[in-house]
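The values are calculated or read from the model by the stated rules, or taken from the named source; none is laboratory data. Quick caveat: nothing in here was measured; it's all calculated off a predicted structure. Because the Cβ atoms are built from the backbone with ideal geometry, glycine has one as well, and the counts that use them run over all protein chains shown. Accessible surface is based on the protein model in full, side chains and every heavy atom, while ligands, DNA and RNA are left aside. Shrake-Rupley method; radii C 1.70, N 1.55, O 1.52, S 1.80 Å.
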Amino acid sequence: MTYESPWITDEMRMFRSTVRRFIQNEFAPHQARWSQQRRPDAEAWRKAGGAGLLLTDVPEEYGGGGGNFGHEVVVLEELARAGVRFGSIVQSVVAHYVLAYGSEEQKRAWLPLMARGERVGAIAMTEPGAGSDLQGIKTTARRDGDRYVINGSKTFITNGVLAGLVCLAVKTDPKAAGMKGISLIMVETKDLPGYHIGQGLQKVGMHEVDTCEMFFDDVRVPASNLLGSAEGKGYPQMLEQLTYERLAVGASAAAMAEHAVSITVKYVKDRRAFGQPLIEFQNTRFKLAECATEAHISRVFLDSCIQRFIAGGLDPVTAAMAKYWLTDSECRIIDECLQLHGGYGYLTEFPIARMWADSRVERIYSGANEIMKEVIGWSL
């Protein structure tokens, strides 16, 4: 089978080669150490920025790569195929909040630093009592002159340990019901009194990506750090940007599923049982035929979504479909591929075992898949 995504251009093929070479030389050799320390090195961010892997679809005037969402997908695909977990997509999502709702001063202050990897971005929405249900947010930001005074906590924050710029969801009007009164405030964390993080959370997978809790005790930030022209616009801002985030999660899931099939085909050709390679057994071929077919369906659906997104026509419901279906499919495929590895599939030294552990959370973050089905159901 030879299939290439229709949105791929010659320039993107060259970009892919650059990304692949960089990941193999600069990221892959350090994965075991990053896994043990539960985060990448800060220097890895600066190297990625210097190589052009960060903010690839942000305009050049703000320090970005000047490409489109396809360039982001290329980075995600190459990370997945190398078995490398890195929080670059969160960096891009934060940047797009700034790009979409930030003032010109905010864009020029923060985006070039993020593009160079000198400022790591994080999104702080989830709280101990508020996950996919954002109306449960309790963290508050009270206006006090030209400052906001922030109190509360956040959890499950990707890139949180190294974060220098946090896109924080807060209640600026605690009396407002439901989603009303939510605002987004950018928090610059360096030497910030009252701000501190907890120890890195011990996760089932994705050990290389730092994830932590954040605490805000009378943290004071400039009122000019509010995203948007007025308070109370946070929820619609989040809804708009979740399309980008959810499609990115789907793209990573599809690439992981394809890679799982690829390495499993190689394994069953080499591994022998009862005097013959595993590929000679009909069950092996049938299971892989199912996985390869489902992975290809995922790719074609994903490509349709990417093309629509680049053209400006991808709606939130279809993005929810992509996030839910592609991550569910990823987990089904990887689980089948692990089974074909037998006992070796359960050893973390084998890539399929790490993929199995890493992939499970993708059905949870960026909105649990049950919430995605609700979004789809409401649209009907």
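Structural remarks
- The stretch 84-106-the stretch 328-345 distance, computed between alpha-carbon centres (Å): 33 Å
- Note that the stretch 366-379 has calculated 3J(HN,Hα) couplings of 6, x, 4, 4, 5, 5, 4, 5, 5, 4, 5, x, 4, 5 Hz, one per residue in order, obtained from phi through the Karplus relation 6.51 cos²θ - 1.76 cosθ + 1.60 (θ = phi - 60°); glycine and proline are x.
- Accessible surface for the chain, divided over its residues, is 45 Å² per residue with a 1.4 Å probe.
- Distance between the stretch 280-312 and the stretch 1-35 - C-alpha centres, whole angstrom: 20 Å
- Estimated from the Cβ-Cβ distance and a Förster radius of 22 angstrom, the FRET efficiency linking Glu105 and Ala42 is about 0.25.
- The label point for Arg308 and the one for Asp328, both projected 7 Å from the Cα toward the Cβ, are 1.7 nm apart.
- Alpha-carbon centroids, the stretch 348-378 and the stretch 186-201: separation in whole Å: 28 Å
- Two-site label geometry, Ile297 and Asn151: point separation in nm, points 7 Å out along Cα→Cβ: 5.2 nm
- Cross-link check: pairs Lys138/Lys203; Lys171/Lys373; Lys175/Lys233; Lys138/Lys373 evaluated at a Cα-Cα cut-off of 19 Å; pairs beyond the cut-off: Lys138/Lys203; Lys171/Lys373; Lys138/Lys373.
- To the nearest ten degrees, helix 88-101 and the longest principal axis of the Cα atoms of the chain are 40 degrees apart.
- In this structure Lys287 has an accessible area near 60 Å², from a 1.4 Å probe over the protein heavy atoms.
- The stretch 243-312, accessible surface, carbon-and-sulfur percent (1.4 angstrom probe): 56 percent
- Unit charges on C-beta of K, R, D, E only; dipole of the chain, Debye: 520 debye
- Nearest-10 value in Å² for the accessible area of Glu349, using the 1.4 Å probe: 140 Å²
- Carbon/sulfur fraction of accessible area - the stretch 141-229, other protein chains in place, 1.4 Å, %: 51 percent
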